[in-house]
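Scroll down for the structure; my scribbles are underneath it.
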Amino acid sequence: MPLHEGVVRLEGSMESARMNRLTVIALVVVVTVLMMVQVPLDLRKHRLSRGATTWAAVAVAIVVAVDAWASGALAPAAVGVMSAVVVVGVYWLLHRVSPRSLGWGDVLLVAPLTLAVAYVAVERVLWWQLVAATTGAAHAVWVRVRSGSTHVPFGPHLLVASWLMLVASV
């Protein structure tokens, strides 16, 4: 079977995940609650709550597992998990290279966010990262010009960008 046929089949199987509005809405709710907890914390204290991230990871995994089981389409869940592994791996590597520029909380935070975004629309994972990186860079320039500081929390950018990707899928 040619590769493009496999891709078409995989995309076709992801339609069930895209079309189930309740699943997308549930993921939006989880990310919204996580955003409400983490954004103020990260902006004020430059830290993310591991408990909140763990709760979100469990909630996202449950939503994805229930939807995959109910729809009978396991491929989108597998793609979501693989995407999360890849993105977490990249973030872990960036954290190892420069722990001051990317915190461990950010590495943990991308796991549930990637699973949610990739499960709904895997093609939006790159857009999510691009939006988060662009807004984070703009924020860094603004903070640098305004106060001279070089420290900008990245968690809020990850959260808001993933939320936007999910809301666009509803």
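The values are calculated or read from the model by the stated rules, or taken from the named source; none is laboratory data. On a predicted model such as this, the values are computed, not experimentally measured, just so you know. For neighbour counting, all protein chains shown are included, and Cβ atoms are generated from backbone atoms with ideal geometry for every residue, glycine included.
For region 91-104, what are the residues that are surrounded by 13 or more Cβ atoms within 10 Å (Cβ to Cβ), among the hydrophobic types (A, V, I, L, M, F, W, C) and assigned to a helix (DSSP H, G or I)?
Of all residues in region 91-104, those surrounded by 13 or more Cβ atoms within 10 Å (Cβ to Cβ) come to 91-92, 94-95, 101-104.
Narrowing further to those that are among the hydrophobic types (A, V, I, L, M, F, W, C): 92, 94, 102, 104.
The answer is 92, 94, 104.
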Next item on the list: With respect to residue 67, determine if the residue is charged (D, E, K, R), in a helix (DSSP H, G or I) and closer than 18 Å to residue 169 by Cα.
Entry: yes
Check: Quick check: anything in region 50-59 modelled with pLDDT of 95 or more and not in a helix (DSSP H, G or I)?
Finding: no
Next item on the list: Output the residues belonging to region 105-143 that are surrounded by fewer than 20 Cβ atoms within 10 Å (Cβ to Cβ) and among the hydroxyl-bearing types (Ser, Thr, Tyr).
Entry: 134, 135
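Confirm whether residue 141 is part of a helix (DSSP H, G or I), under 21 Å from residue 42 (Cα atoms) and more than 15 Å from the chain's Cα centre (by Cα).
Details: part of a helix (DSSP H, G or I): yes; under 21 Å from residue 42 (Cα atoms): yes; more than 15 Å from the chain's Cα centre (by Cα): yes.
Considered against the rule, which asks whether it is part of a helix (DSSP H, G or I), under 21 Å from residue 42 (Cα atoms) and more than 15 Å from the chain's Cα centre (by Cα), residue 141 comes out as yes.
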Note to self: Could you check region 144-167 and list, in sequence order, the residues that are surrounded by 13 or more Cβ atoms within 10 Å (Cβ to Cβ), more than 15 Å from the chain's Cα centre (by Cα) and in a helix (DSSP H, G or I)?
What the structure shows: 144
Item checked: Unique residue being part of a loop (DSSP other than H, G, I, E, B) and touching a residue at least 24 places away in the same chain (Cβ under 8 Å) when the list is 87, 170, 81, 110 -> 170
Next item on the list: Could you identify the single residue in 29, 85, 81 that is under 14 Å from the mean Cα position of the chain (by Cα), surrounded by fewer than 20 Cβ atoms within 10 Å (Cβ to Cβ), farther than 19 Å from residue 107 by Cα and modelled with pLDDT of 95 or more?
Entry: 29
Next item on the list: Sort out which residues of region 62-78 are buried (at least 19 other Cβ atoms within 10 Å of the Cβ) and either within 15 Å of the chain's Cα centre (by Cα) or not aliphatic (A, V, I, L, M) (or both), and write them in order of number.
Entry: 63, 64, 67, 76, 77
